[in-house]
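A short write-up of the structure that comes next.
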Amino acid sequence: QVQLVESGGGLVQPGGSLKLSCAASGFTVSGYVMNWYRQAPGEERELIALVNTAGGTNYEYSVKGRFTISRDNARNTVYLEMNNLKPEDTAMYYCKATRGREFYWGQGTQVTVSS
């Protein structure tokens, strides 16, 4: 059974850090493009970071230099390390695995940045 489970979200003050995890089961993350999306209330879901099968990464402009995506093949897990968090980073964060027309979503983890 294919499953993606995100964790690590929470409430953090502006300038703080969080590290999100996306644990996969039923498939191998190294064979998929692994993506992090986020969706703020009233907004569309947006792609913010990805790591491809070769290990290359790409970031949306607003998070570049603050967020880092990584993949641990031994743990079959993808991470999103978030530093210097801002109130506008508040959103539900989702993990997505893609390979051609095949894709899987996680259930999301909430990140709230507020003082």
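Just how large is the dipole of the chain about the Cα centre, in debye to the nearest 20, putting +1 at every Lys and Arg Cβ and -1 at every Asp and Glu Cβ?
240 debye
Please give the contour-minus-distance gain from GLN39 to ASN52: 0.36 nm per residue of separation, less the Cα-Cα distance, rounded to one decimal in nm.
2.5 nm
Of all accessible surface on the stretch 8-60 at a 1.4 Å probe, what whole percent is carbon and sulfur?
Numbers: 1210 of 2600 Å².
Heavy-atom surface of the stretch 8-60 belonging to carbon and sulfur, 1.4 Å probe: 46 percent.
The heavy atoms of LYS19 offer some 110 square angstrom of accessible surface to a 1.4 angstrom probe.
Within the shell defined by Cβ-Cβ distances under 12 Å, the residues around THR90 carry a net charge of -1, with Lys and Arg each +1 and Asp and Glu each -1. Remark on the stretch 1-108: hydrodynamic radius 13.9 angstrom, per the Kirkwood mean of 1/r across alpha carbon pairs.
At 1.4 Å probe radius, can you tell me the per residue accessible area of the chain in Å²?
Values: 6130 Å² over 115 residues.
Accessible area per residue: 53 Å².
The values are calculated or read from the model by the stated rules, or taken from the named source; none is laboratory data. Not measured: the values here are computed from a predicted model. All Cβ positions, glycine included, derive from the backbone under ideal geometry; neighbour counts span all protein chains shown. Surface accessibility is based on the protein's heavy atoms, side chains included, excluding ligands, DNA and RNA. Shrake-Rupley method; radii C 1.70, N 1.55, O 1.52, S 1.80 Å.
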